[in-house]
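The values are calculated or read from the model by the stated rules, or taken from the named source; none is laboratory data. This is a predicted model, so every value here is computed, not measured. Keep in mind that these areas ignore ligands, DNA and RNA; they rest on the heavy atoms of the full protein, side chains included. Shrake-Rupley method; radii C 1.70, N 1.55, O 1.52, S 1.80 Å.
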Amino acid sequence: MTVGGLDSAPGERIFFFDIDNCLYSPELCVHLLIKERIYEFGRGIGMDAATVVETCTSYYKDYGLTVRGLINHHGVDVAAFNDKVDGSLPLESVIKPDSALREMILSIKTRRWAFTNAGFEHASRVLKCLQVNDLFEGITYCDYAEPDFPCKPERRAYEKAMKESGAKDVRLCYFADDSASNVEAATEFGWTSVLVSKQPPVASKAADLHIKTIHDLPLVLPQLFT
């Protein structure tokens, strides 16, 4: 499903969708299942059980993704991490098909691209669980095996998404994500950004728009659905 080297026609709009906690509700607590497995993995590679949570949290803050800290400081085997963390998640029993989501994505009058900090296998599984995997031209994801791979909110990640999708004009790029830091970076990059969160937005330049659930996207960007 990953597509690279595409070329957008001049004036063609594209919508970049985050996946985790954006296309499905954070109330499903998939992020907590991921954290539990990361901590267990950390203990398994010899990290101090008393400080593994604190250390992994600091890696997330410092590197954008915990796995980058684990790679840089512990030389973890990426395949083992994928197998024991993302690969062990019971996604199929937690995330169910969402017909309303599918209908909304189908109705948007732009190109559609998935843009995630997850690995390819995890991203693909989530999209299949939601039954929207066939609605995106491609996925920009994090390749954990790539040295110094970029991730949101780094500018390099947004540049990578534009390159892989073939998007040429930041003014024609739209983006939805549940992370305030990710949408703030997108806004600074020149994209029109939408924060998807049930929490009230903090008064800042974080996002152009705010919705509580991705299903409400047509309410704030009706021009993309007519």
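May I ask you to derive the relative contact order of the stretch 101-155, considering only C-alpha pairs under 8 Å and at least 6 residues apart, and to give it as an integer percent?
41 percent
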- Query: Which one of 201, 147, 97 has the biggest mean-square fluctuation once the chain is modelled by GNM with Cα springs under 10 Å?
  - Reply: 147
- Message: Heavy atoms only, 1.4 Å probe, whole protein assembly: order 106, 221, 65 by accessible area, highest first.
- Response: 106, 65, 221
- Task: Could you tell me the distance between the Cα centroids of the stretch 8-60 and the stretch 86-121, to the nearest Å?
- Result: 15 Å
- Item | Area of residue 81 that stays accessible when all protein chains are in place (1.4 Å probe, Å², to 10) | 10 Å²
- Item | Sequence-distant residues sharing a close amide H with residue 115 (under 5 Å, placed H) | 17, 18, 19, 140
- Message: Given the whole protein assembly as supplied and a 1.4 Å probe, what does the accessible area of residue 20 come to in Å², nearest 10?
- Response: 30 Å²
- Message: Output the 0 to 90 degree angle, nearest 10, between the alpha-carbon long axis of helix 155-165 and the longest principal axis computed from the alpha carbons of the chain.
- Response: 60 degrees
- Query: Given the rule -39500 (n - 2.57) for each run of at least 4 DSSP H residues, summed and divided by the residues of the chain, what is its mean residue ellipticity at 222 nm, to the nearest 500 deg cm²/dmol?
  - Reply: -11500 deg cm²/dmol
- Item | Rounded accessible area per residue of the chain, 1.4 Å, Å² | 48 Å²
- Query: When the accessible area of the chain is split by element with a 1.4 Å probe, what percent falls to carbon and sulfur?
  - Reply: 53 percent
- Message: At a threshold of 8 angstrom on Cα-Cα distance, excluding pairs fewer than six apart, so keeping six or more, what relative contact order does the chain reach in percent?
- Response: 27 percent
- Message: Leaving ligands and nucleic acids out of the surface, order 111, 171, 43 by accessible area at 1.4 Å, largest first.
- Response: 171, 43, 111
- Message: Quick check: residue separation of residue 188 and residue 224 times 0.36 nm, minus the Cα distance between them. What number comes out in nm?
- Response: 10.8 nm
- Item | Label corresponding to semi-axes √(5λ) of the Cα gyration tensor in Å when calculated from the structure given, among (i) 29, 19, 17; (ii) 45, 29, 19; (iii) 25, 24, 20 | (i)
